[in-house]
Amino acid sequence: MYEEQQGPDNGTRTRAEHGPLAGFTVGVTAARRADELGALLQRRGAAVLHAPALRIVPLSDDSELLSATKDLLGRVPDVVVATTAIGFRGWVEAADGWGLGESLLERLRGVELLARGPKVKGAIRAAGLTEEWSPSSESMAEVLDRLLEEGVEGRRIAVQLHGEPLPGFVESLRAAGAEVVGVPVYRWMPPEDLSPVDRLLDAAVSRGVDAVTFTSAPAAQSLLNRAEERGLLPELLTALQHDVLPACVGPVTALPLQAHGVETVQPERFRLGPLVQLLCQELPARSRALPVAGHRVEIRGHAVLVDGALRPVPPAGMSLLRALSRRPGWVVARADLLRALPGAGRDEHAVETAMARLRTALGAPKLIQTVVKRGYRLALDPAADAKYADA
């Protein structure tokens with residue numbers, strides 16, 4: 001996809017490439033790897049609204065982690081389950097700080113060490129250890145199935161927790177007769193500065209973002225909690241159910257949203273790259289394309305593609321264009337357009353001003369026709385009139 005731009009000196013036309021997410025705004029709730037996710041989205045043309053919905057609090061000086069580590073050194077477990085790379089590395093680093101690092105690694109060499117996925121395997125091997133098994137699905141459910149098939153009665157199993165308890169996992173092992181020791185390496189906490197989260201919530205309920213990405217269940221839950229604190233939860237859920245696309249990196253991340261009746265999209269591979277690729281497919285597919293005055297007009301979040309050329313449009317102009325596109329080809333009265341303008345008051349002159357700016361931004365003034373004493377209409381091509389007559 002390309003956008004024509006005016007040449008700097010002689011008025012010649014140059015062509016600048018834009019990505020599949022050009023014209024869309026995506027909210028990012030991640031705390032970890034937010035820069036990486038943001039960069040992937042921006043390289044594909046998206047505007048990014050970053051609002052970390054939580055923060056990671058390391059527990060290197062935490063008495064609970066120290067106690068669990070000493071307990072495992074004194075009574076060696078039969079199985080250790082490593083759930084996250086950052087958590088496993090943090091555990092080893094904390095043990096080093098207490099002078100227990102070598103003792104911990106020595107104990108781990110003699111146990112059945114299970115890794116939830118390839119990143120955890122990398123952290124285990126970087127510590128000079130070797131995992132016995134890792135599921136191809138990166139699913140804790142598959143880890144649980146393997147343990148239960150092996151039989152866990154009377155066995156001591158240490159589970160490195162990843163920011164929040166794993167009640168279903170732990171309870172199932174205990175119900176099958178295992179002794180389970182939790183190793184809490186870090187905790188999720190609400191962000192110290194809530195203003196970015198509040199800006200994202202405001203943007204979501206006003207449809208100022210086209211999608212919100214989630215890379216952990218705690219981040220999703222934290223955003224929902226903050227919305228509830230502000231009295232915005234019903235509005236947020238409505239936005240996520242109808243207009244704002246919730247994109248989760250995997251099924252575990254989606255659980256807090258699904259508990260509120262919000263259906264999400266998820267990539268087949270639970271990685272940031274596939275998550276971005278999924279957005280590159282889903283968001284353009286959700287945008288509306290219309291044949292208008294001999295042009296192909298595709299309306300996106302904060303911009304319009306006119307015959308493939310990207311045309312950024314001010315927020316007021318986008319409000320007018322969306323109002324016109326709901327019934328393309330039909331006349332929309334100035335009073336109705338005024339109501340569509342955010343904060344426009346009662347002066348219909350605001351519609352004329354915003355309409356003039358919209359036409360300039362689109363670069364094709366004939367896309368929108370003025371109908372004297374009545375209002376405005378999208379100049380839908382005659383061949384398309386029947387198709388959109390009952391839209």
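The values are calculated or read from the model by the stated rules, or taken from the named source; none is laboratory data. Quick caveat, the model's predicted, so the values are computed rather than measured. Cβ sites come from the backbone with ideal geometry, for glycine too, and all protein chains shown count toward neighbours. The area values use the complete protein model at the heavy-atom level, side chains included, leaving out ligands, DNA and RNA. Shrake-Rupley method; radii C 1.70, N 1.55, O 1.52, S 1.80 Å.
Could you order HIS162, HIS349 by accessible surface area, starting with the largest, using a probe radius of 1.4 Å?
HIS349, HIS162
Subtracting the Cα-Cα distance from 0.36 nm times the residue separation, let me have the gained length for ASP243 to GLU64 in nm, one decimal.
Once the chain is fully extended between ASP243 and GLU64, it gains 60.1 nm.
I'd like the FRET efficiency for THR130 and GLU171, computed as 1/(1 + (r/R0)^6) with the beta carbon distance as r and R0 of 25 Å, rounded to 0.05.
Numbers: r = 29 Å, r/R0 = 1.17.
The computed FRET efficiency comes out at 0.30.
Which value at 222 nm does the chain reach when only helices count, each DSSP H run of 4 or more adding -39,500 (n - 2.57), with the total divided by all residues and rounded to the nearest 500 deg cm²/dmol?
-12500 deg cm²/dmol, from helical runs alone.
Could you give the nm distance between label points at GLU112 and ASP78, where each point is 7 Å from its Cα heading toward the beta carbon?
That separation, rounded to one decimal, is 0.7 nm.
For the chain, what D do you get in µm² per second when you plug the Kirkwood radius from alpha-carbon pairs into Stokes-Einstein at 25 °C and 0.890 mPa s?
102
Find which of GLY308, HIS162, ALA227 sits farthest along the positive direction of the dipole of the chain, computed with +1 on the beta-carbon of Lys and Arg, -1 on that of Asp and Glu, about the Cα centre.
GLY308
Could you tell me what percent of the DSSP beta bridges with both partners in the chain are antiparallel, to the nearest 5?
Bridges in the chain that DSSP calls antiparallel: roughly 50 percent.
Nearest 0.05, what FRET efficiency do TRP98 and ASP202 give at R0 = 51 Å with Cβ-Cβ as r?
The value I calculate is 0.70.
Just to make sure I understand: if all protein chains stay in place, what is the order of GLU192, GLU112, GLU138 by accessible area at 1.4 Å, largest first?
On the way: GLU192 160, GLU112 20, GLU138 45 Å².
Accessible-area ranking of GLU192, GLU112, GLU138, largest first: GLU192, GLU138, GLU112.
About its Cα centre, what dipole magnitude does the chain give when the only charges are +1 on Lys and Arg Cβ and -1 on Asp and Glu Cβ, stated in debye to the nearest 20?
About 1800 debye.
Only Cα pairs under 8 Å and at least 6 apart count here; give the relative contact order of the chain as a rounded whole percent.
Worked out over the chain, it gives 15 percent.
Calculate how large, on average over all directions, the projected area of the Cα convex hull of segment 58-135 is; give the answer in nm² to one decimal.
Its average projected convex-hull area is 4.5 nm².
Along Cα→Cβ, 7 Å out, is where each label goes; now give me the distance between the ones at GLU235 and ALA289 in nm to one decimal.
3.4
Alpha carbon centre of segment 292-368 versus segment 28-102: separation in Å?
Here the answer is 47 Å between Cα centres.
Would you mind computing, in nm to one decimal, how far apart the modelled labels at ARG346 and ARG322 are, each placed 7 Å from Cα along Cα→Cβ?
Between ARG346 and ARG322, the simple spin-label model gives 2.6 nm.
What FRET efficiency comes out for the pair ARG271/LYS373, r = Cβ-Cβ distance, R0 = 56 Å, nearest 0.05?
Here the calculated transfer efficiency is 0.50.
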